[in-house]
1. By average Cβ neighbour count within 10 Å, what is the ranking of 10-19, 223-232 from highest down?
2. For Asn100, which sequence-distant residues (separation of 5 or more, or a different chain) have an amide H within less than 5 Å of its own amide H, given hydrogens modelled in the peptide plane?
3. Sorted by average packing, counted as other Cβ atoms within 10 angstrom per residue and highest first, what order do 153-159, 44-50 take?
4. Just to verify a number: FRET efficiency for Thr248 and Glu172, C-beta to C-beta distance, R0 = 30 Å, to 0.05?
5. Go through the stretch 115-214 and name the chymotrypsin sites (Phe, Trp or Tyr not before Pro) that are in a DSSP coil and have 14 or fewer other Cβ atoms within 10 Å of their Cβ.
6. For the stretch 29-128, state which GluC sites (Glu not before Pro) are in a DSSP loop and have at most 11 other beta carbons lying within 10 Å of their beta carbon.
7. Please compute the modelled spin-label separation between Glu163 and Asp195, points set 7 Å along Cα→Cβ, answer in nm with one decimal.
8. For the stretch 25-77, rounded, prolate or oblate, judged on the Cα gyration tensor with a ≥ b ≥ c (square roots of eigenvalues), a/c < 1.5 rounded, else prolate if a/b > b/c?
Amino acid sequence: MTTTLIEEIDKARLPKHVAIIMDGNGRWAKMRNMERSAGHVEGVNTVRKITEIASQVGIDYLTLYAFSTENWNRPQAEVDMLMHLIVVAIERETADLIKNNVRLNMIGDFSRMPAAAYERLTRCMDDTAHCTGLVLTLALSYSSRWEITEACRRIAADAVANEISVADINDETVGRYLSTAGMPDPDLLIRTGGDVRVSNFLLWQIAYAEIYVTQTFWPDFDKDQFCRAIIEYQSRERRFGRTSEQLTQ
Ligand code: FPP
């Protein structure tokens, strides 16, 4: 089943970077009269499957919105459960990440994370630091406005210290001060769960991303649906502000 869809993907026109807003865990659980936490547990299994297929397809960067700055406002029990799930899942999967040559990366405001969770996740990052295949970035305690504000603060500090000149600040400078520095911008942004919004995720970086929204809740999102999103992406004409005629010239 997956093999046929993978074969439909044009390997010469792959998105380099796919970013995903994983949404719908709670609704998935509610539909089944289960606790929200059951949706998050199942969501972790989807993370595993989608990392596998992204690596198999040959995607270079996969960035997952695992926990937003706003998520700190959820009931404490849910926050604790999510943190625990993420840490345990990453620790459990580290050996497999290494086997599959996947490098783990994290972006976000870690000052708000429990120190123990942060330490355990950094250990997993260190353990996969030598991997050269897919870069799996978890956005944890992340919000784009936080990231852009931090970048502004650091740019201003460097300008005051004469490390950079104000006149030279351009798009590329800003990109270097974001937590995604060194990564290409996402070509494709997938959102599961049906809501059509970007929820404070990579606002600067998705300037020209193709957006793909599916009604499917994250726990039900599977390898085939990931392939379908890539195939849909490949059918789009990316004009970057130009005309169709200019592109064919
Ligand atoms: C949104 O569903 C999902 C989250 C807030 C958390 C997503 C996190 C995981 C799937 C675990 C990640 C694990 C690893 C290993 C990275 P929601 O609760 O907002 O669902 P709803 O919109 O239906 O309420």
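The numbers here are math on the coordinates, done by the rules we state, and not lab data. Every value quoted in this text rests on a predicted model; they were computed, and no experiment measured them. All Cβ positions, even for glycine, are placed from backbone atoms using ideal geometry, and neighbour counts span all protein chains on display.
1. So the peptides 10-19, 223-232, ranked by packing, come out 223-232, 10-19.
2. Here the answer is none, since no amide H 5 or more places off falls under 5 Å of that of Asn100.
3. Ranked by mean Cβ neighbours within 10 Å, highest first: 44-50, 153-159.
4. 0.60
5. Values: sites: Tyr118, Tyr142, Trp146, Tyr177, Phe201, Trp204, Tyr208, Tyr212; in loops: Phe201, Trp204, Tyr208.
Counting only loop positions with at most 14 other Cβ atoms within 10 Å, the chymotrypsin sites (Phe, Trp or Tyr not before Pro) in the stretch 115-214 are Tyr208.
6. Hits after loop and neighbour filter: nothing returned.
7. The answer from the label model is 3.6 nm.
8. Since a/c reaches 1.5 but b/c is at least a/b, the shape of the stretch 25-77 is classed as oblate.
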